[in-house]
Amino acid sequence: MQQSSSAMHDQIAALAQKAGFSKAGIAPIPPPGEEASELRHFEPWIERGYAGEMEYLKRRDEANRLLRSSLRVAVPWARSVIVCAANYNAEAPNSIAPAPAESGWIARYAWTGYGGQPSDYHDVLLRRLKKLEQSLQQALGPFQARCYVDTGPLVERVYAKYAGIGWIGKNTCILDQELGSWLLLGVILTGLELPSAMPIRVAEDRCGSCTRCIDACPTGALVAPYQMDASLCISYLTIEKRGPIAEPLRAHMGRQVFGCDICQDVCPWNRRAPVSEDAELAVRSELVNPALAWLAELDTESFRRLFRHSPVQRTKLSGLLRNVAIAMGNSGLASYVPKLEEWAASPEPVLAEAAQWALARCRQ
């Protein structure tokens, strides 16, 4: 690794682009006790209950240290992180655009497909990361490495900031001045020891006085600039939350049935974000503004067929139908009453309870 820091950044960026990424950079991993301020705030964030039921965020080591609060605690051999970003912006309506009252909303990142078939960005990015790792091993010589897409013991956006991918916006998403926030992140943990004099490329925060994301969040999950109570976030509620969703939150979930894009849709930096030309992250048009009645008819086999190799698998059929029932209730449409009556008698208690709540709204 006898090269200038600038040359190393440029080499990583060039090889990452060949592997299919839009942007890449490298950041050092400081020793425990010297972490970035964003990671030092992670422990009190957990203590406030903002992680909800996401137990994987709360994992600790034998010394009772939060794994995600220090990457060197979780992975002692790691010395640097290569962060890669892929643009997934699509030439399609956003969630706040006018849409039929009968439609639901699936988060933009879950629309992806390739050749008419569903594709999970986790699989797409992981293949690219491994290709990039192989190229770097050839260019720099052997080094210890491990690739992750949403599965590593780290807070990706923090390292993305210090790798120069972008700044952390007030909605807690990574933002790039040119690409906006429609970015999927993947990381390679490495044993590469970076020169102490190597400059850290941190993008300037350009959110300014804007609070559109905070003002637009229906459930008040953005409790302060740059701080999210994930337990209130619609993405958490529709994907990670198991069991019934707290009744006061349901009316604020609107038509969202998997994830939420509202805080990104209102962001001024996304107005001119370029549309992705990534064939492996192409849009499956049937998932844009999908009809709630269509989703309501899914059974185990059709759910598996429609969402095989898709992020939507994570919510499971039971979770998706719960979300559809709530969206039907928020629509207030009487045409959904027969289906909701059917679900209200379901042996699945969570679906039955959500349907009963929705029925009361559709019968008003």
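Here are the numbers for the structure shown:
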| read-out | value |
| --- | --- |
| Odd one out for Glu297, checked against (1) more than 21 Å from Tyr109 (Cα to Cα); (2) surrounded by 14 or more Cβ atoms within 10 Å (Cβ to Cβ) | (2) |
| Qualifying positions in segment 186-212 - in contact with a strand residue (DSSP E or B) (Cβ under 6 Å, 6 or more places away or on another chain) and either at positive phi or open to solvent by less than 30 Å² (accessible area, probe 1.4 Å) (or both) | Gly186, Val187, Ile188, Leu189, Thr190, Leu192, Leu194 |
| Given (1) open to solvent by 50 Å² or more (accessible area, probe 1.4 Å); (2) out of contact with any Pro (no Cβ under 9 Å at 6 or more places or on another chain); (3) under 19 Å from Met328 (Cα atoms), number of the condition Arg314 does not satisfy | (3) |
| Some residue of segment 175-195 being more than 16 Å from Ala24 (Cβ to Cβ) and in a strand (DSSP E or B) | yes |
| Matching residues, segment 91-120, being within 18 Å of the chain's Cα centre (by Cα), open to solvent by 10 Å² or more (accessible area, probe 1.4 Å) and modelled with pLDDT under 95 | Pro118, Ser119, Asp120 |
| So Glu34, is it open to solvent by 40 Å² or more (accessible area, probe 1.4 Å), on the phi < 0 side of the Ramachandran plot and more than 18 Å from the chain's Cα centre (by Cα) | yes |
| Qualifying residue in segment 202-218 (condition: within 23 Å of Pro311 (Cα to Cα) and among the hydrophobic types (A, V, I, L, M, F, W, C)) | yes |
| Residue match in segment 227-236 (condition: farther than 30 Å from Gln134 by Cα, modelled with pLDDT under 95, open to solvent by 10 Å² or more (accessible area, probe 1.4 Å) and of a type outside the set (Lys, Arg)) | no |
| Candidate set: segment 46-72, residues that are without any contact (Cβ under 8 Å) to a residue 40 or more places away in the chain and hydrophobic (A, V, I, L, M, F, W, C); chosen: the one surrounded by the fewest Cβ atoms within 10 Å (Cβ to Cβ) | Ala63 |
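Yes/no matrix, rows are residues, columns are (1) modelled with pLDDT of 95 or more; (2) more than 22 Å from the chain's Cα centre (by Cα); (3) closer than 27 Å to Pro93 by Cβ:
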| residue | (1), (2), (3) |
| --- | --- |
| Pro311 | no, no, yes |
| Leu321 | yes, no, yes |
| Ser331 | yes, yes, yes |
| Gln356 | yes, yes, no |
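The values are calculated or read from the model by the stated rules, or taken from the named source; none is laboratory data. Quantities reported herein were computed from a predicted structural model and do not represent experimental measurements. Glycine also receives a Cβ, built like all others from the backbone with ideal geometry; neighbour counts cover every protein chain displayed. Protein only, heavy atoms only, side chains kept; ligands, DNA and RNA dropped before computing areas. Shrake-Rupley method; radii C 1.70, N 1.55, O 1.52, S 1.80 Å.
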